[in-house]
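Heads up: the structure comes next, in structure tokens.
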Amino acid sequence: MKFMTTNFVQCAVRSCSKTTDAFPLQYTDLTLIRQETEFDPDFILNILPRLDWNALVKVAAELGNNALPADKPEIENPDLDESQQLLKDLHNLLVEFLKNALLEISPTAVTSTGITEEGFILLNKLYAEKGRHETTWGILRSFHYTDSLSLEDTFLYPKLDVPVNSSVELSPEGYRFLVDLFVLFDKDNDGGLNDLELESLFKPSPGIPKLWQEFNFPQTTVRNDLGNITLQGWLAQWSMTTYLDYKTTTAYLALLGFESQHQSMRKITDALKVTRPRKQRNPSTRSYRNSVVDRNVFNCYVVGSPGSGKSSLLTAFLNRPFTEVYSPTIKPFTVVNSVEMTGGKQCYLILEELGELEPAVLENQSRLDSCDVLCFVYDSSDPDSFTYLVELCQKNPILERLPAVYVALKADLDRQQQRSSMQPDAYTSKLNMTSPLHVSVQWPQALNELFVQLSEAALRPGSATPHVDLEEEESNLIPMAAIALGLGAFAVTLSWYLRSFSHGSH
Ligand SMILES: Nc1nc2c(ncn2[C@@H]2O[C@H](COP(=O)(O)OP(=O)(O)OP(=O)(O)O)[C@@H](O)[C@H]2O)c(=O)[nH]1
Ligand SMILES: [Mg+2]
């Protein structure tokens, strides 16, 4: 029975009902159990007129609480500060029961001045047992505890072997946990996490990950009309986080309860998957990257002349409306979304516009090694745009080792003859690559085709790497395969012959 309920029940025995003993009931030999309630001023206001104050004071005293005023408080204007205070005091009265509940467990949990350290730990143990982690964190943060209240590094950052040229992605178990988390905190059930819902989701952690803040989250991913991150965006955001910095993911999975939400002993690393190292094919001649089968997350640098439409392309990838206002990109701009490829396979594509870091990144071997595909764009309505790409590749021949897709942007505008040493089609044909795809931010189908083409190029780099002729490669492979088969057959015959020979000699 709730404490308040004691004010609404009386003795049902007929002989008793006529006497003054019928109400309030006397409460002896009972166990006090505390159930946490949020401070709800309206509830206290509503219930106050209906309370038998004298009875309430009596029962509270019997249960060990003498803090109630003798007369029922009057609240005329609940918005006044002192009324709010009074309502809070009444709410706090209920907290007295919490103290009693703690005393039931340990006589040293509470003193006359409040809850002891032991009591505080007991209380949080109770919360933890009831799965109320957010309450504990709410308490800690409201007492200005900082992040120095830290967890062991080995828990936040478990050891993970990541070979060179491998990448880290979320496992199905990791995705499942993140889906459950999203659904749990989408309290208004509108398919998006608003600021409050995000805040409450991240309460057991230091807040939105630093990496996300650096990338200007939530501008990085899919949002609904209200600007709130959708489930698709949420999963894309975590796919990108894991790909770029898996340690952020492990730390947050630990803080958000990945391990504790499971009966069996599962580890944080169960939420991750390390892909096989990407191999190089033909290292002696025209080298290109092998196809991959176990990857679902790819990153792509979008490179092109200033004002050619890179940011608009990235924004269109997130299905955000097109704007004619031009603001040059200085800080790198990164976005992520899912792409459905031909055949139904879904992958996540991270598009990065490098801003003022572009020259430095394109000269950095390790950054290029970790780039899955390049997207070379030019403005087909600007005659001076394509030459930027020609000069860039002349300056950095290393770029020709990477798979790439050439794109003519602003295709809704009049196409101009390019003032470069070669026209775009002739240039790509010389590289043995497909002609530039003509795309406008106002043409959704062409955009979709481009994102699929980029993902395909990342998955099967051979088909999109300059100067690689896959047909020729394959025809070269046939004699090699025949030789290998021939050698295999010879080995089998030889071992059969030797075996029968040794049997015969016996
Ligand atoms: N008509 C038309 N205009 C476009 C298209 N894409 C971009 N624009 C406009 O072109 C201008 C430059 O676009 P941005 O996307 O900012 O170009 P950017 O390559 O990111 O520019 P920087 O960051 O300075 O390198 C803006 O005014 C856009 O509105 C398009 O497909 N069609
Ligand atoms: Mg830009």
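The values are calculated or read from the model by the stated rules, or taken from the named source; none is laboratory data. Since we're looking at a predicted model, the values are computed, not measured. Every residue, glycine as well, gets a Cβ built from its backbone with ideal geometry; the counts of neighbours run over all protein chains shown.
From the list ALA360, ALA254, which one is more than 13 Å from ligand 1 (Cβ to nearest atom), over 26 Å from ARG460 (Cα atoms) and surrounded by 18 or more Cβ atoms within 10 Å (Cβ to Cβ)?
Working: ALA360 fails: surrounded by 18 or more Cβ atoms within 10 Å (Cβ to Cβ).
Just a single option satisfies the conditions, and that option is ALA254.
Counting only residues that are within 11 Å of ligand 2 (Cβ to nearest atom) and within 24 Å of the chain's Cα centre (by Cα), region 313-329 holds 3 of them. Are any of the residues in region 74-97 among the small types (Gly, Ala, Ser), modelled with pLDDT under 65 and in the same structural domain as LEU122 (by TED's automatic domain parsing)? Among the residues of region 74-97, not one is among the small types (Gly, Ala, Ser), modelled with pLDDT under 65 and in the same structural domain as LEU122 (by TED's automatic domain parsing), which makes the answer no. Taking the stated definitions as given, is TYR301 more than 19 Å from the chain's Cα centre (by Cα), outside the structural domain of ALA236 (by TED's automatic domain parsing), within 16 Å of ligand 1 (Cβ to nearest atom) and under 27 Å from GLY174 (Cα atoms)? Yes. Applying a threshold of 7 Å to beta carbon distances and a minimum spacing of six or more residues, or different chains, the list of pairs starting in region 237-249 at a residue that is outside any helix (DSSP H, G or I) and ending at one that is modelled with pLDDT of 95 or more and buried (at least 21 other Cβ atoms within 10 Å of the Cβ) is empty. Here is a check on your reading of the model: is ALA12 assigned to a loop (DSSP other than H, G, I, E, B), at pLDDT below 75 and touching a helix residue (DSSP H, G or I) at 6+ places or on another chain (Cβ under 9 Å)? Taking the combined requirement at face value, the residue satisfies it.
The number of residues in region 224-249 being more than 23 Å from GLU340 (Cα to Cα) and either in contact with a Lys or Arg (Cβ under 9 Å, 6 or more places away or on another chain) or hydrophobic (A, V, I, L, M, F, W, C) (or both) comes to 2. The number of residues in region 270-327 that are of a type in the set (S, T, N, Q), under 30 Å from LYS159 (Cα atoms) and either out of contact with any helix residue (DSSP H, G or I) (no Cβ under 7 Å at 6 or more places or on another chain) or crowded, with 20+ Cβ neighbours inside 10 Å (or both) comes to 5. Restricted to region 98-135, and to residues there that are among the β-branched types (Val, Ile, Thr) and at pLDDT 75 or above, the residue that is surrounded by the most Cβ atoms within 10 Å (Cβ to Cβ) is VAL110. The set of residues from region 307-323 being within 8 Å of ligand 1 (Cβ to nearest atom) and more than 13 Å from SER440 (Cα to Cα) comprises just one member, GLY307. Could you pull out the residue among PRO383, PRO397 that is away from ligand 2 (no atom under 16 Å from the Cβ), out of contact with any Phe, Trp or Tyr (no Cβ under 8 Å at 6 or more places or on another chain) and either assigned by TED's automatic domain parsing to the domain that holds SER167 or within 24 Å of ARG286 (Cβ to Cβ) (or both)? One residue alone meets the criteria, PRO397. Would a scan of region 278-289 turn up a residue that is among the aromatic types (Phe, Trp, Tyr) and modelled with pLDDT of 95 or more? Among the residues of region 278-289, not one is among the aromatic types (Phe, Trp, Tyr) and modelled with pLDDT of 95 or more, which makes the answer no.
Yes or no: GLU169 more than 21 Å from TYR157 (Cα to Cα) and among the acidic types (Asp, Glu)? For GLU169, the condition - more than 21 Å from TYR157 (Cα to Cα) and among the acidic types (Asp, Glu) - is not met.
When region 336-356 is filtered for residues that are within 16 Å of ligand 2 (Cβ to nearest atom) and small (Gly, Ala, Ser), only GLY355 remains.
If the requirement is being away from ligand 1 (no atom under 15 Å from the Cβ), surrounded by fewer than 20 Cβ atoms within 10 Å (Cβ to Cβ) and under 30 Å from VAL164 (Cα atoms), which of these qualifies: GLN417, GLN394?
After applying the criteria, what remains is GLN394.
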